[in-house]
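Accompanying notes for the structure given below.
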Amino acid sequence: MDASLNGSSPRYSRDQGEFDRAIGFVDATFALALTLLVTTLDIDHPSVAFSSLGAFEDAVGAQFVAFAIAFAVIASYWLQHHRLIASFAAIDYPAIVVNLFLIAAIVLLPFSTQAVGDPGVEDLPLPTVIMAVNVVAASVLHTLVYAVAVRRNLLSTAPSPGEVWWFVVNALAGAVVFAASVPVAYLISPTAARITWIGLVPIDWLLRRYTARWLRTDTA
């Protein structure tokens, strides 16, 4: 543990057990959130639902869509978080606290997913809005983990201003798309709002392509 004499926050390097303990806890929580998604799939009347493909689709179709979206979102955040942590040289309490807030948003996703996939309320805008806000919070907190790491010099290599902007803009793309779906859910329909979520795929690709010049410029 490296701590300055003025009582600053303890700092744990990658080769210390406290670093592995903190990141292991975060990884385990991501895995738990992914596992809990299966509990969002519920069939009220199995004898009816399994009578035909049409009946099965009516019973769990919306739930499977919500499950797939939430699984993709959580898995994407874990992959991004994994890549980010790989660049850490150390971790301290402020970074750990921000990670705890991040996983708080992540473990809420099974709950918000269940509401979106519930056939009884799938036509109401609020469940869709709750999930959208949940994802916005996760995106912002993931970005904040990076910002804290940069601010507190926790990365193995200090990023250039262009690299910081590249990370922040691309990390917040999901927040922008899901935030934009909130008025769509109320003004048009929850289904239309959920369709806008799919737009994140081409938007993310375009952003990474056209913001890559920031990285190339800094490298040059």
Quick one: Thr39 ticks every box in (1) exposed (fewer than 14 other Cβ atoms within 10 Å of the Cβ); (2) in contact (Cβ under 8 Å) with a residue 60 or more places away in the chain; (3) outside any helix (DSSP H, G or I) except a single one, so which number is it?
(3)
Please go through segment 133-157 and give me each residue that is touching a helix residue (DSSP H, G or I) at 6+ places or on another chain (Cβ under 8 Å) and not in a helix (DSSP H, G or I), ordered by number.
Arg152, Leu154, Leu155
Which numbered condition Ile106 misses (of (1) touching a helix residue (DSSP H, G or I) at 6+ places or on another chain (Cβ under 6 Å); (2) not in a helix (DSSP H, G or I))
(2)
Phe19 touching a strand residue (DSSP E or B) at 6+ places or on another chain (Cβ under 7 Å) and assigned to a helix (DSSP H, G or I)
yes
May I ask you to verify whether Phe19 is touching a helix residue (DSSP H, G or I) at 6+ places or on another chain (Cβ under 7 Å) and surrounded by 15 or more Cβ atoms within 10 Å (Cβ to Cβ)?
no
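Going by what's in this entry, would Ile91 be described as open to solvent by less than 20 Å² (accessible area, probe 1.4 Å) and in contact with a strand residue (DSSP E or B) (Cβ under 6 Å, 6 or more places away or on another chain)? Walk me through it before giving the result.
Working: open to solvent by less than 20 Å² (accessible area, probe 1.4 Å): yes; in contact with a strand residue (DSSP E or B) (Cβ under 6 Å, 6 or more places away or on another chain): yes.
In short, yes.
Report, by residue number, each residue of segment 42-56 that is exposed (fewer than 12 other Cβ atoms within 10 Å of the Cβ) and either in a helix (DSSP H, G or I) or touching a residue at least 24 places away in the same chain (Cβ under 8 Å) (or both). Quick ask: steps written out before the conclusion?
Within segment 42-56, the subset exposed (fewer than 12 other Cβ atoms within 10 Å of the Cβ) is 44-47, 52-54.
If the condition is that a residue be exposed (fewer than 12 other Cβ atoms within 10 Å of the Cβ) and either in a helix (DSSP H, G or I) or touching a residue at least 24 places away in the same chain (Cβ under 8 Å) (or both), then Pro46, Ser47, Leu53, Gly54 are the ones that fit.
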Subset of segment 165-192 [over 21 Å from Leu102 (Cβ atoms), at pLDDT 90 or above, β-branched (Val, Ile, Thr) and open to solvent by 60 Å² or more (accessible area, probe 1.4 Å)]
Ile188
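Looking at Val98, Val133, Val140, Val121, which one is open to solvent by 40 Å² or more (accessible area, probe 1.4 Å), without any contact (Cβ under 8 Å) to a residue 60 or more places away in the chain and closer than 28 Å to Glu18 by Cβ?
Values: Val98 fails: open to solvent by 40 Å² or more (accessible area, probe 1.4 Å); Val133 fails: closer than 28 Å to Glu18 by Cβ; Val121 fails: closer than 28 Å to Glu18 by Cβ.
The match here is Val140.
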Which listed residue is touching a helix residue (DSSP H, G or I) at 6+ places or on another chain (Cβ under 9 Å), part of a helix (DSSP H, G or I) and open to solvent by 50 Å² or more (accessible area, probe 1.4 Å), from Phe30, Phe64:
Phe64
Which one of Val107, Val121, Val116, Val65 is among the β-branched types (Val, Ile, Thr) and within 14 Å of the chain's Cα centre (by Cα)?
Val107
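The values are calculated or read from the model by the stated rules, or taken from the named source; none is laboratory data. Since the model is a prediction, treat every value here as computed from it, not as a measurement. As a convention, Cβ positions derive from the backbone with ideal geometry for all residues, glycine included, and neighbour counts pool all protein chains shown. For the accessible areas, the whole protein counts, side chains as well, though only heavy atoms, and no ligand, DNA or RNA atoms are used. Shrake-Rupley method; radii C 1.70, N 1.55, O 1.52, S 1.80 Å.
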